[in-house]
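Just below is one structure, and these are the notes that go with it.
The values are calculated or read from the model by the stated rules, or taken from the named source; none is laboratory data. Since we're looking at a predicted model, the values are computed, not measured. Counting neighbours? That spans all protein chains shown, and the Cβs are built from the backbone with ideal geometry, glycine included.
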Amino acid sequence: MSAAFAAFAAFDQLATMVALVGSDGRCLQANSALENLMGISRRTLMRSSLVDWVADPTQLRETLHLVARNEVATSRFDALLHRQPAGSAELPVHVIVNQTDWPGCVLVELIVIEQQIRLDREERTHGLAQANKELVRNLAHEIKNPLGGIRGAAQLLAMEVTSKELTEYTQVIIHEADRLQALVDRLLAPHRRPHVVADVNIHEVCERVRSLIQAEFPRGLEVVRDYDASIPEFRGDREQLIQAVLNIAQNATQALAGSAPPDTDAPFHGRIARGDAQLVLRTRVARQVTFGRQRFRLALELHIEDNGPGVPEDIRDRIFHPLVSGREGGSGLGLTLAQTFVQQHQGTIECDSVPGRTVFKILIPLP
């Protein structure tokens, strides 16, 4: 049994709650995550039964006996955990019970359901982003090849025709081919641009974005800086991060500057013209953050917040998809590129939006 206790020390490095229990539920070992989330000391946990901490202990008790007797190798179910101090809200968890190599011992893993949902969403988002990047890249190449031929043919035709009206038509073809070429170049930009890694100060990135935004909107927009000066530098591509933050900030300012839809009372539109628009750049340090299945001790948390009308509800779940835009005439590439650049830094982007408050949160691991 001492070997089991020695091996269990490694579980203190996990973000999920883990306990080594007997078949009767008696807690033999608990990791630091369980200790912290339950709000009680490890010593107290080890003087009690894990069964006592579950709101409805019947399923856990039966599962522990089944796994300990080798009738099933593993089992999963959802449960509610009591927490300290008394009266605290019960914690919904996903319970995984596994066999161990130590006689009479069962390993119980408890994953907070909100965390599990977030992890599943991140995995789906990452997989979808990868599929979208491949689709966009292949589509862009397929468009690019004939586009050059169309433009070249229009130029040759323009040299042959003498009619002013026909010349105007050829110029329309050339102009539209150039516009499509620019769109294709933007689609391919993340795949062409080399990842230039150097020390990055996130506040230099934010200040660069702030200066660009205020140059575009010198009046009517207040840009609030709320920085944590203790955030260390990290290795990354400064230009990519500037572009990512700028794309999000520009989306916000376009929403703040936009006019209200006809026949509606939309108090959050046109705020720049009214002079009460606000954009907040906020940096913080997040601790013990999990991206996908990897845990990081520290992470940069950058909030880009505005008091605009919010992301339209019908596209809220698709805003990072390519060519999806909530603005007439928008390319729908700004957030896609921002997500690509942040993912290249092992990070994620999340969005929380309601009318009057939209927050994009960028998370990037720190050394």
Answer yes or no: is there a residue in region 151-158 that is outside the structural domain of Leu50 (by TED's automatic domain parsing), modelled with pLDDT of 70 or more and under 30 Å from His321 (Cβ atoms). yes
Determine, yes or no, whether Arg83 is within 30 Å of Ser49 (Cβ to Cβ), among the basic types (Lys, Arg) and at pLDDT 70 or above. yes
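Against the definition (in the same structural domain as Ala30 (by TED's automatic domain parsing) and under 33 Å from the mean Cα position of the chain (by Cα)), how does Asp56 come out, yes or no?
Numbers: in the same structural domain as Ala30 (by TED's automatic domain parsing): yes; under 33 Å from the mean Cα position of the chain (by Cα): no.
So Asp56 does not fit the description; no.
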Anything in region 270-309 that is at pLDDT below 70 and assigned to a loop (DSSP other than H, G, I, E, B)? List them, or say none. Gly292, Arg293
Any idea which residue in region 39-69 is nearest to Val97 (Cα to Cα), counting only those that are part of a helix (DSSP H, G or I) and of a type in the set (Lys, Arg)? Arg61
What are the residues in region 17-32 that are crowded, with 19+ Cβ neighbours inside 10 Å and closer than 18 Å to Val289 by Cβ, if any? Met17, Asn31
Quick one: count up the residues across region 33-45 that are surrounded by fewer than 16 Cβ atoms within 10 Å (Cβ to Cβ) and of a type outside the set (D, E, K, R). 4
Can you confirm whether Leu14 is buried (at least 16 other Cβ atoms within 10 Å of the Cβ), in contact (Cβ under 8 Å) with a residue 12 or more places away in the chain and out of contact with any His (no Cβ under 9 Å at 6 or more places or on another chain)? no
